[in-house]
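Structure, as C-alpha cells:
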Amino acid sequence: MKVPLMSKLPLLCTIAVLGVLATPGVAQNGPSPSLLSSLGPGQSRSVDISLRARIGPLELARGSFKVSLTQDNYSGEATYRTSGIAASFNNDAGIATVKGTIENGQLKPKGFVNQETNGKKRRITMSFGSRSVDVTAAPMWGNMGFPPATLAQKLESVDPVTGLMELSLVTGRDAGRPCGGAVKIFDGKRRYDIRTQYVGIENVSTPAYRGPATYCRGTYSEVAGFNQKKPGETREPIRLQIWLADVGNMGVSVPVRMTGSKGIYTAVLYADRAVVR
C-alpha cells in the first residue's frame, strides 16, 4: 500500500514527514494570529523534529522536519527513510528542501528539490512562478499519471514541504483553529489534497511531549497524476489524525503524534524529539 508524497513515499513515510508548525492554542472569540504574520523585523523561529512510524510494535519508517522562518522568508527540509522490517521490502529514502517567501501571511514557494538517495535516485526540481510551475526530473517517469495534473492544478498548489507547513500555519485561521480546511499539494507529478478539521483538546503521551494537545482529523485524497487504478481498485482517501502541542512553551505548536489509516492498516507516527527556538 503506497501513497506518494515526495515522488516515492509509502503511507508510513507520508505520515513521517507530516512535521508541520502551528500557532498555539485555540481561540474562543475570533481568529488566532498566524506565526507567519506575527514575526517582526529581525525575528525568527526554527523547529527541528525527529519522528518514527510504526504498525503495532514494528518500526517501519523514520523522518525529520526542519523549518526556519523570518518575517519575509522561509526554508524547510524533510528527510525520510524506511527502517526495520519495511526496509527489507521497500528501501525508500530521500531529502526534500524548499525556499520561499512570506507575503501577506501566506507561504509562497520559489524553489523545491527532492533527491531520492536509494533506488533510482530520482532528482525532482520545481520552480514556482505566477503563471507557470517548471518541473525537471531525472530520470523521468514512465508516464505522468492518469489523468496527468493540469497547469491550473499545479498553479493552485504548493510543494510538499510547504504544504506540510501550511497545514497548520495557514489553514483554519479564520476559524481561530490550528487546523481546518484544504491544502493543495503538487510534488512534480502528483496532485493531492490534505484536508483537516479541528476536533478538540486531548491528552497525549510521546517521548517528546506529555500533556494536552490540539486534536485534528483529516483525509489525504488523490486528485491527478497517480498511476492508473487496477479493475476494482478505488481511490479511497487515507484517514488522518494529528495531535499538535506547544512543546517547551515556546509559542509554536508541533505535531507530536499522528496516525494514517487505509482499509485495515493504521500507521502511527510519534515525535521522539522536538526542539523549538
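The values are calculated or read from the model by the stated rules, or taken from the named source; none is laboratory data. On a predicted model such as this, the values are computed, not experimentally measured, just so you know. Positions of Cβ are backbone-derived with ideal geometry, glycine not excepted, and every protein chain shown enters the neighbour counts.
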What is the residue count in the range 222-255 for residues that are at positive phi and either within 20 Å of the chain's Cα centre (by Cα) or modelled with pLDDT of 90 or more (or both)? 1
Which condition does I85 not pass, out of (1) within 29 Å of A213 (Cα to Cα); (2) aliphatic (A, V, I, L, M); (3) at pLDDT below 95, if it passes all the others? (1)
Filter result (without any contact (Cβ under 8 Å) to a residue 60 or more places away in the chain and either farther than 30 Å from G42 by Cα or part of a strand (DSSP E or B) (or both)) within the range 64-78: S64, K66, S68, L69, T70, N73, S75
Go through the range 243-273 and give me each residue that's in a strand (DSSP E or B) and surrounded by fewer than 23 Cβ atoms within 10 Å (Cβ to Cβ). R257, T259, S261, K262, Y265, T266, V268, Y270, D272, R273
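Identify the residue in the range 222-242 that is out of contact with any Lys or Arg (no Cβ under 6 Å at 6 or more places or on another chain) and within 28 Å of P207 (Cα to Cα) and, among all such residues, is surrounded by the most Cβ atoms within 10 Å (Cβ to Cβ). I'd like the intermediate steps shown before the answer.
Looking only at the range 222-242, we keep the residues that are out of contact with any Lys or Arg (no Cβ under 6 Å at 6 or more places or on another chain), and these are 227-237, 239-240, 242.
So of that shortlist, the ones also within 28 Å of P207 (Cα to Cα) come out as 239-240, 242.
Values: R239: 14, L240: 21, I242: 28.
In this case the residue turns out to be I242.
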Is it the case that the range 187-201 has a residue that's surrounded by fewer than 18 Cβ atoms within 10 Å (Cβ to Cβ), on the phi < 0 side of the Ramachandran plot and not in a strand (DSSP E or B)? no
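Might you let me know whether the range 116-123 holds any residue that is buried (at least 17 other Cβ atoms within 10 Å of the Cβ), touching a Pro at 6+ places or on another chain (Cβ under 8 Å), modelled with pLDDT of 85 or more and not in a strand (DSSP E or B)? Lay out the reasoning, then the answer.
If we filter the range 116-123 for residues that are buried (at least 17 other Cβ atoms within 10 Å of the Cβ), which is where we start, we get 116, 122.
When the remaining residues are screened for being touching a Pro at 6+ places or on another chain (Cβ under 8 Å), the result is 122.
Among the residues that remain, those that are also modelled with pLDDT of 85 or more are: 122.
Within this subset, residues satisfying the condition of being not in a strand (DSSP E or B) are 122.
Among the residues of the range 116-123, at least one is buried (at least 17 other Cβ atoms within 10 Å of the Cβ), touching a Pro at 6+ places or on another chain (Cβ under 8 Å), modelled with pLDDT of 85 or more and not in a strand (DSSP E or B), which makes the answer yes.
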Looking only at the range 211-221, decide whether some residue is under 13 Å from the mean Cα position of the chain (by Cα), part of a loop (DSSP other than H, G, I, E, B) and buried (at least 22 other Cβ atoms within 10 Å of the Cβ). no
Residue pairs, Cβ under 9 Å, 6 or more apart or interchain, first in the range 40-54 and assigned to a strand (DSSP E or B), second exposed (fewer than 12 other Cβ atoms within 10 Å of the Cβ) and not small (G, A, S). List them. S44/R277; R45/R277; S46/R277; V47/R277; D48/R277
